[in-house]
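Data first, discussion second: the structure below is written as structure tokens.
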Amino acid sequence: ASARRSLEAPRGRMDERGWGYTLYRYRSGPAAEATRAYSALAKTYGMSLTELACRWTKERSSVTTALLGHTSLAQLDETLRYYSKKEPLPPSLLWEIDRVHMRNRLPIFSSTRVGKDWDGE
């Protein structure tokens, strides 16, 4: 139902048909579930979801580049503030982030919507 509303009244580039189904992975049930879980972790640890993402990216030695999108100078200032923080994320938070990731590793190939055949009907 929400996908139909998005197609009828697109809010931005990810809702337009021109992008086809390539961005489904960001709108799948498992992806939304992971986003809610990451958001809850950020709230528990007293930070925004943006701060959690930026600081996690900064701490990963395997991440050499982070692509960031800003629509205002305020957002850019916010991101730079997060990247300049010296203290690392708590190990307990990093563990919880890994747990969310392990449950939702490939959301593009996952779905919370199944047909009747799933239950053998």
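Quick rundown of the values:
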read-out: Length added when fully stretched, Thr35-Arg5, from 0.36 nm per residue minus Cα-Cα; value: 8.7 nm
read-out: Gain upon complete extension [Leu106, Thr64; 0.36 nm per residue less C-alpha separation]; value: 13.0 nm
read-out: Ranked packing of 34-41, 90-97, most packed first, by mean Cβ within 10 Å; value: 34-41, 90-97
read-out: Burial order of peptide ranges 42-55, 74-87 (average beta-carbon count within 10 Å, highest first); value: 42-55, 74-87
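Every read-out reported here was derived from the displayed coordinates using simple, explicitly stated rules and does not represent laboratory data. These figures come from a predicted structure and were not determined experimentally. Every residue, glycine as well, gets a Cβ built from its backbone with ideal geometry; the counts of neighbours run over all protein chains shown.
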